[in-house]
1. Collect the residues in segment 120-135 that are touching an Asp or Glu at 6+ places or on another chain (Cβ under 7 Å), modelled with pLDDT under 95 and surrounded by 15 or more Cβ atoms within 10 Å (Cβ to Cβ), keeping them in residue-number order.
2. Test GLU149 against the stated conditions and say whether it is loosely packed, with under 14 Cβ neighbours inside 10 Å and of a type in the set (Asp, Glu).
3. Being of a type outside the set (Phe, Trp, Tyr), open to solvent by 60 Å² or more (accessible area, probe 1.4 Å) and under 30 Å from PHE190 (Cα atoms) narrows it down to one residue among ILE107, ILE73; which is it?
4. Tell me yes or no: at least one residue of segment 77-86 is in contact (Cβ under 8 Å) with a residue 12 or more places away in the chain and on the phi > 0 side of the Ramachandran plot.
5. Looking at (1) at pLDDT 90 or above; (2) β-branched (Val, Ile, Thr); (3) open to solvent by 50 Å² or more (accessible area, probe 1.4 Å), find the lone condition where THR191 falls short.
6. Among the residues that make up segment 54-65, is at least one of them under 25 Å from ASP155 (Cβ atoms), within 12 Å of the chain's Cα centre (by Cα), open to solvent by less than 80 Å² (accessible area, probe 1.4 Å) and of a type in the set (Val, Ile, Thr)?
7. Output the residues belonging to segment 121-131 that are free of Cβ contacts under 8 Å to residues at least 12 places away in the same chain and among the polar types (S, T, N, Q).
8. Given the conditions (1) open to solvent by 50 Å² or more (accessible area, probe 1.4 Å); (2) out of contact with any strand residue (DSSP E or B) (no Cβ under 7 Å at 6 or more places or on another chain), and given that VAL95 satisfies all but one, which numbered condition is not satisfied?
Amino acid sequence: MDNSLPTGNEPPKTLTEPPRRWKLVVRDWLNALIIAAVLVVLLQTYVFNLSKVKGESMQPTLHDQDRLFVDKIVYAFAEPKRGEVVILQDPSPDVGRQFLVKRVVAIPGDEVEIRDRKLLVNGVVQSEGYTDIWIEDDKPLHTFLEKDEYFVLGDNRHHEKSKDSRRFGPVKRDLIIGRADLIIWPFNKFTWL
């Protein structure tokens, strides 16, 4: 057994890590951040999106500055249904890549008519609990939807308050990019659509 005491001539012991250890930690953190960023971009591109409502075209259901959770993958497995709130690319020419939030009121094969301030689908006047007014536009409309065509309207049916299929006609399926499922902001309006 060695009972010797230190003489003070030994080199001091350091508590530092080897000089390359911190580089490995930094590299691991950078890799994790890059992977996380790529996953977020992929998820927002193909699976979901958070969108902000601009304007009053969906009142009383949605209001300006409401934030929505948009399911972008749902329509890879199913088709839009009547009553769903969707996000679509504006089909108007010369508007660039702008998006609209509207409600699907008619699907492929449907006959759509606006007459006497009422919406008729396949000859039946629609009872729409999500809007607070009949259609104020006096311009009659009558159309048959082809394959992959949808008729969309804003819930705000006051005169000239919604840019929708009354103005730009039926929407092709490939312009519908997702379904708005939730109002996530403001918190007091947090609800399923």
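1. LEU120, THR131
2. In short, no.
3. When all the criteria are applied, what remains is ILE73.
4. Yes - at least one qualifying residue is present in segment 77-86.
5. Among (1) at pLDDT 90 or above; (2) β-branched (Val, Ile, Thr); (3) open to solvent by 50 Å² or more (accessible area, probe 1.4 Å), the lone unmet condition for THR191 is (1).
6. no
7. SER127
8. (1)
The values are calculated or read from the model by the stated rules, or taken from the named source; none is laboratory data. Note that the coordinates shown come from a computational prediction; the quantities given were computed from them, not determined experimentally. Note: ideal-geometry Cβ built from the backbone for every residue, glycine included; neighbour counts use all protein chains shown. What goes into the accessible areas is simple: the full protein's heavy atoms, side chains included, and nothing from ligands, DNA or RNA. Shrake-Rupley method; radii C 1.70, N 1.55, O 1.52, S 1.80 Å.
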